[in-house]
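The values are calculated or read from the model by the stated rules, or taken from the named source; none is laboratory data. All figures in this text were calculated on a predicted structure; none of them were measured in a lab. Heads up, the Cβs are rebuilt from the backbone with ideal geometry, glycines too, and the neighbour counts pull from every protein chain shown. Ligands, DNA and RNA are excluded from the accessible area calculation, which covers all protein heavy atoms including side chains. Shrake-Rupley method; radii C 1.70, N 1.55, O 1.52, S 1.80 Å.
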Amino acid sequence: MPLRETLARVDADLAAGRVPVARQRLRGLVSSFPYDLTLRRRLAEVYRLYGDAAEAGRWMYLEEDRNSDETAAFTVRYGSPAWRMKALAWHGPESMAATAFAEGQLAALRTACAEQLGHAVDWEDLASYRDGLEEEYEAPSEPRSVGGALAGLGCLVGALAFLAIWVNGVVALFD
C-alpha cells in the first residue's frame, strides 16, 4: 500500500478513535521508511495519546525539538546504548539522516555503544552490538484500554452465565 494511502488510513483511524490500529500502521511505516523523521514524529504523537513518555522519546530522539523529559524516560527504559540502538530501528549509515542533528545523535549513540563494548559497532550489523543486549531489559507493557477491560468483563460474565446454566442443569437432573 502506498505511503500516502497508509497515512490517510492512519488519520481515519485516529479520527475514529482506533489509536492502537493507527499505532501499528505507523510502526510498519517507520520500519519500511526508517529515514523518514516525519513518520517517527507522528508515531511519537500517538504514544503521547497513551501517555507513554519513553516511547514518545524513543521516536522523537532524532528531532532537535524533542522533549527532554521524554528523552530521559527513553534513556531510562532502554538503559544501555546497545538497547537504544536497537530501539531506534535505524538501518544504514548515519549520513542517511534527514538532518544534521539526527546524524549527530545517531553518531553519538553509536560511539557510546562502541566505547561501552570496546569495539566498533555498525547500525547495519546487529551482531556488532549484540553483546550490549545481554543485560536484562523489560519491554514496556501495552497501555490498558477501556475496550480491553470491557472485553475482559464480558468474557467473565459469559463464563459465569455458562457455569450457572450448567449447575442448574446438573441440579435439575437429580430432582
Of all residues in segment 1-37 being open to solvent by 60 Å² or more (accessible area, probe 1.4 Å) and touching a residue at least 60 places away in the same chain (Cβ under 8 Å), the one that is nearest to Pro93 (Cα to Cα): Tyr35
Subset of segment 54-107 [of a type in the set (Gly, Ala, Ser), touching a Ser or Thr at 6+ places or on another chain (Cβ under 9 Å) and over 15 Å from Arg27 (Cα atoms)]: Ala54, Ala98
When residues of segment 69-106 are limited to those that are of a type in the set (Phe, Trp, Tyr) and assigned to a helix (DSSP H, G or I), the one nearest to His119 (Cα to Cα): Trp83
Complete set of residues in segment 38-61 that are open to solvent by less than 10 Å² (accessible area, probe 1.4 Å) and more than 16 Å from Leu14 (Cβ to Cβ): Arg40, Ala54, Glu55, Gly57, Met60
Number of the exception - Arg144 against (1) touching a helix residue (DSSP H, G or I) at 6+ places or on another chain (Cβ under 8 Å); (2) outside any helix (DSSP H, G or I); (3) open to solvent by 70 Å² or more (accessible area, probe 1.4 Å); (4) at pLDDT below 85: (1)
Restricting segment 107-121 to residues that are of a type outside the set (Gly, Ala, Ser) and outside any helix (DSSP H, G or I), the residue that is nearest to Ser68 (Cα to Cα): Val121
Selection from segment 13-68 of residues that are assigned to a helix (DSSP H, G or I) and among the charged types (D, E, K, R): Asp13, Arg23, Arg25, Arg27, Arg40, Arg41, Arg42, Glu45, Arg48, Glu55, Arg58
